[in-house]
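Engineer: Here it is, the structure, as structure tokens.
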Amino acid sequence: MKKVFGQLQVLQPAFSLESQSASNEVFLCMKATGIVFPQTSKVDTHATSTVAGVPATRVLGVPISTINMGVAVRTILDWVEHRNAQYVCVRDVHGIMRAQEDPPLMAIHHGAGLITPDGMPLAWTLKARGYRDAGRVCGADLVAALSRASVSVGTRHYLYGGKPGVAERMATTLTEKFPGLQVIGSSTPPFRALTPEEDEAVVAEISSMQPDVVWVGLSTPKQEYWMRDHVGRIPGATLIGIGAAFDFYAGDVKRAPRWMHSSGLEWLHRLISEPRRLWRRYLVLAPKFVILTLGSALHWKR
């Protein structure tokens, strides 16, 4: 069954969770917001929920939200409407593998309101667990979807991150692509840790503009640590870490052709484009992820 909320379509299949406590949290969230999440046709022994009550399934310990793009956008806009400060981790295989060796980074994921399935391996994992209506929610596509939905409701966006000039070029691209979009400011931090005084000045500057959404492009894991430390300090703002999406929208890095996105080959395009920076991510960490997830699946089947 399908329901349509404004311009966003939300799917409503039968709901099934093994964990009663997680189930209760999700139903409370659904009742409070009117959002209906993709649900599993199987018994998911990994089922859980985020701190914001969004249903999720654990993938190597990381709670990946069982969502699709429409649900992600509606969830964020609901937070914006109610000034509910949260942060969003846009999660790929690289981030999950980093979290295996970085307990504080793992804890950051458990503190996020939403952890989106970026990358086809995670989308395939959700579908294998019965979440047929879940789908990939990557950073660049989330920027476009949320920007498009923001125009009619007046959501205010701020861009924080990237190399010098990147955030400004990204802002220009977005306002040209989505006429009426409010990008109220942008800034680029230095390539070093800020002093406490500098950090307070940054928070004061961003807060003075009263953003609803702050897009953070500092790469993993730096952006995740920044969001953890700043959620709630910018009143009512949702912080979303999108890393390389800044470079895509600034025009500094060309994104893979669309056919490669759904086929799971976007990683190959990125590896060819930036081999020195990304070889370990795709040739070492990705195979390790496959081995660990298969081992986990076999363990739970015993």
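Engineer: Just to be sure before I move on: is V137 touching a His at 6+ places or on another chain (Cβ under 8 Å) and either assigned to a loop (DSSP other than H, G, I, E, B) or among the hydrophobic types (A, V, I, L, M, F, W, C) (or both) in the structure I sent?
Structural biologist: Taking the combined requirement at face value, the residue does not satisfy it.
Engineer: Regarding A237, is this residue within 17 Å of the chain's Cα centre (by Cα), surrounded by 16 or more Cβ atoms within 10 Å (Cβ to Cβ) and touching a residue at least 60 places away in the same chain (Cβ under 8 Å)?
Structural biologist: Working: within 17 Å of the chain's Cα centre (by Cα): yes; surrounded by 16 or more Cβ atoms within 10 Å (Cβ to Cβ): yes; touching a residue at least 60 places away in the same chain (Cβ under 8 Å): yes.
In short, yes.
Engineer: Going through the range 109-134 one residue at a time, which ones are open to solvent by 10 Å² or more (accessible area, probe 1.4 Å) and in contact with a His (Cβ under 9 Å, 6 or more places away or on another chain)?
Structural biologist: G119, M120, R129, listed by residue number.
Engineer: Among the residues of the range 208-234, which ones are crowded, with 17+ Cβ neighbours inside 10 Å and among the aromatic types (F, W, Y)?
Structural biologist: W215, W226
Engineer: Right, next: Please list, ordered by first then second residue, the pairs with beta carbon atoms under 9 Å, 6 or more apart or interchain, first in the range 202-220 and within 17 Å of I115 (Cβ to Cβ) and modelled with pLDDT under 95, second open to solvent by 10 Å² or more (accessible area, probe 1.4 Å) and of a type in the set (S, T, N, Q).
Structural biologist: none
Engineer: Taking strands (runs of 3 or more DSSP E) that do not extend beyond the range 1-108, which have at least 3 residues that are open to solvent by less than 20 Å² (accessible area, probe 1.4 Å) and either at pLDDT below 95 or touching a strand residue (DSSP E or B) at 6+ places or on another chain (Cβ under 7 Å) (or both)?
Structural biologist: It comes to 55-59, 62-65, 87-91.
Engineer: Before we move on, is A171 modelled with pLDDT under 95 and touching a strand residue (DSSP E or B) at 6+ places or on another chain (Cβ under 8 Å)?
Structural biologist: For A171, the condition - modelled with pLDDT under 95 and touching a strand residue (DSSP E or B) at 6+ places or on another chain (Cβ under 8 Å) - is not met.
Engineer: Which count do you get for residues in the range 240-266 that are at pLDDT below 95, over 18 Å from the mean Cα position of the chain (by Cα) and assigned to a helix (DSSP H, G or I)?
Structural biologist: Residues that pass the stated criteria total 4.
The values are calculated or read from the model by the stated rules, or taken from the named source; none is laboratory data. Note that this is a predicted model, so its numbers are computed, not measured. Every residue, glycine among them, receives a Cβ derived from its backbone with ideal geometry; neighbour counts consider all protein chains shown. SASA here: full protein model, heavy atoms, side chains in, ligands and nucleic acids out. Shrake-Rupley method; radii C 1.70, N 1.55, O 1.52, S 1.80 Å.
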